[in-house]
1. Between residues in region 76-102 that are at positive phi and touching a residue at least 40 places away in the same chain (Cβ under 8 Å) and residues that are surrounded by 13 or more Cβ atoms within 10 Å (Cβ to Cβ) and part of a helix (DSSP H, G or I), which pairs lie under 8 Å by C-beta distance while being six or more apart or on different chains?
2. Residue 90 fails exactly one of the following numbered conditions: (1) exposed (fewer than 14 other Cβ atoms within 10 Å of the Cβ); (2) out of contact with any helix residue (DSSP H, G or I) (no Cβ under 9 Å at 6 or more places or on another chain). What is the number of that condition?
3. Based on this model, can you work out whether residue 25 counts as more than 15 Å from residue 98 (Cβ to Cβ), out of contact with any helix residue (DSSP H, G or I) (no Cβ under 6 Å at 6 or more places or on another chain) and in contact (Cβ under 8 Å) with a residue 60 or more places away in the chain?
4. For region 44-77, give me each residue that is touching a helix residue (DSSP H, G or I) at 6+ places or on another chain (Cβ under 8 Å) and either farther than 14 Å from residue 20 by Cβ or assigned to a helix (DSSP H, G or I) (or both).
5. Tell me which residues, restricted to region 1-38, are part of a loop (DSSP other than H, G, I, E, B), modelled with pLDDT of 95 or more and within 12 Å of the chain's Cα centre (by Cα).
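The values are calculated or read from the model by the stated rules, or taken from the named source; none is laboratory data. All of these numbers come straight from a predicted model, not from anything done at the bench. In this analysis, Cβ positions are derived from the backbone assuming ideal geometry, glycine residues included, and neighbour counts consider all displayed protein chains.
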């Protein structure tokens with residue numbers, strides 16, 4: 001799983017499908033979703049770039065994407081946003097969304 005930052009975001013998301021979980025340590029729903037996201041990331045390893053971005057450590061990228069609530073999961077294809085989910089998401093919803101974009 002990738003640790004996205006403001007510095008590596010453009011390079012890491014420029015090719016293929018990338019799924020970015022925008023979160024903060026203090027966010028309860030983010031902490032609840034973390035193990036689900038990590039489990040899915042393992043199953044898609046090598047097929048989809050999946051990773052997390054701490055909005056407190058890297059505020060520029062969430063600002064560019066107009067993120068106002070967390071957790072927010074942004075789906076990018078070749079560097080362009082194709083979809084997003086806001087709030088806690090179940091494993092089923094995440095897998096269905098990724099499968100539809102692969």
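1. Short answer, once both residue conditions are applied: 79/13; 87/29.
2. Condition (2) is where residue 90 drops out.
3. no
4. 61
5. Selection gives 4, 5.
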